[in-house]
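Presented below is the structure to which this report refers.
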Amino acid sequence: MNNENLIKILVENNQPNYRTAQIQKAIYQDGVSGFSEISTISKELRELLTKELNILSFMVEKVLVSKDNCSIKALLKLADGEKIETVLLSSGPGKWSVCLSSQVGCALNCQFCATGKGGFKRNLTAEEITDQVLFWRQYLNKNQNANLKMQNDNLRNTISSIVYMGMGEPFLNWEEVKKSLHDFVDKKLFAFGSRSISISTAGISEGIEKFADEFPQVNLAISLHFASDVKRNAYMPINKKYNLASLKKVLQDYFSKTNRQVFIEYIMLSGINDSEEDAHALSTYLKSIGKRQLLHVNLIAYNETGSLFKASSGNKVHLFKDYLEKGGMSVTIRKSLGQEVQGACGQLAGEA
Ligand code: SAH
């Protein structure tokens, strides 16, 4: 929902400020699906708002729920007919994480990722970005109110984190992503803590710099995946513009500005980046950045997308982890959620 339009309509209709606050709370925090559900305001005002304003800027085309009810993917149709996806993932009992898209498609064309295959269509507006969370708040709200077939107690609960890890490169849509972050942390609107939000980037230097200055408390994740320029160039063409040396420099600046931990994402691709030599290259590169205690490596199981890439074996992943740990790195093997609904990282293609 466009909050500025809401305020404009309420001002034009001589509504007091507390009324605005009531409506914002109902929409952004309680997750009502329509103005007609807001019982604290008059019938006339409910009707006026229904006529003048859409709460969601898109239509929901499809919702896919995994068998265990722990990952749910929605296909959304935007006003111009373009399609995006967003995923709700259980991140523990009673806790949900929303994975957001920031663009329709993606220009980066990483070889292993399904989103890049369809090319780049357009940036999302801040409203289209934040509406993905509004949609999931409504979804959780409806399912717990109606006590629908979702028997999972998790669905009674709340969204505790947001990750910009859906379709698109957030730092190539910085202005709108920035607006969306402001709305997410705004106490009158979504009221998320900065530290419960994470942005993932393939390493756009200018974006990381602005992000460090403006949102030092929001988490940063880097999709590194390769620790040699030769390999990174081959699989992530963006590395030709922002290579490993430039990424190192920008991370050093990030640490000196924020002193915050950075998550290094490393998908494990069988025979491509999972050898001992690759582990050595990664360890050497990360050490050369200089702030080992602020770097945390997530080794991610590759979600097969019908491409030629295969996931590394569990044994390989453990050997890789051991190698890094011996070098003093902190490492987690990340289990992959959402595979069953094709809603795991890199599987989003806008065509469920
Ligand atoms: N463009 C941003 C945001 C997308 S986040 C970025 O690159 O960080 C999506 C994450 O999933 C990225 O780390 C991406 O590299 C990773 N990914 C892409 N395809 C994947 C796949 N098939 N399996 C697992 N992770 C994948």
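The values are calculated or read from the model by the stated rules, or taken from the named source; none is laboratory data. None of these values were measured; they are calculated from a predicted model. In this analysis, Cβ positions are derived from the backbone assuming ideal geometry, glycine residues included, and neighbour counts consider all displayed protein chains.
Residues of the range 5-44 being within 19 Å of Val185 (Cβ to Cβ) and modelled with pLDDT of 95 or more, which ones?
Hits for the range 5-44 are Leu6, Ile7, Thr20, Ala21, Gln24, Lys25, Ile27, Tyr28.
What about Asp278, is it assigned to a helix (DSSP H, G or I) and either more than 14 Å from the ligand (Cβ to nearest atom) or under 21 Å from Lys310 (Cβ atoms) (or both)?
Here the answer is yes, as Asp278 does meet what is asked.
Which members of the range 106-121 meet the condition of being over 14 Å from Tyr235 (Cα atoms) and surrounded by fewer than 20 Cβ atoms within 10 Å (Cβ to Cβ)?
Of everything in the range 106-121, those that are over 14 Å from Tyr235 (Cα atoms) and surrounded by fewer than 20 Cβ atoms within 10 Å (Cβ to Cβ) turn out to be Gly118, Gly119, Phe120, Lys121.
Tell me which of these Lys291 doesn't satisfy, since it passes every other one: (1) modelled with pLDDT of 95 or more; (2) away from the ligand (no atom under 14 Å from the Cβ); (3) of a type outside the set (Ser, Thr, Tyr); (4) within 30 Å of Phe215 (Cα to Cα).
Lys291 satisfies every listed condition except (1).
Counting just the residues of the range 202-248 that are within 21 Å of Gly290 (Cα to Cα) and among the hydroxyl-bearing types (Ser, Thr, Tyr), which one comes out surrounded by the fewest Cβ atoms within 10 Å (Cβ to Cβ)?
By that ranking, first place goes to Ser246.
I'm trying to understand the selection: among the residues of the range 237-266, which are farther than 18 Å from Asp322 by Cβ and among the hydrophobic types (A, V, I, L, M, F, W, C)?
Ile238, Leu244, Ala245, Leu247, Val250, Leu251, Phe255, Val262, Phe263
Within the range 196-205, can one find any residue that is under 14 Å from the mean Cα position of the chain (by Cα), in a helix (DSSP H, G or I) and within 16 Å of the ligand (Cβ to nearest atom)?
no
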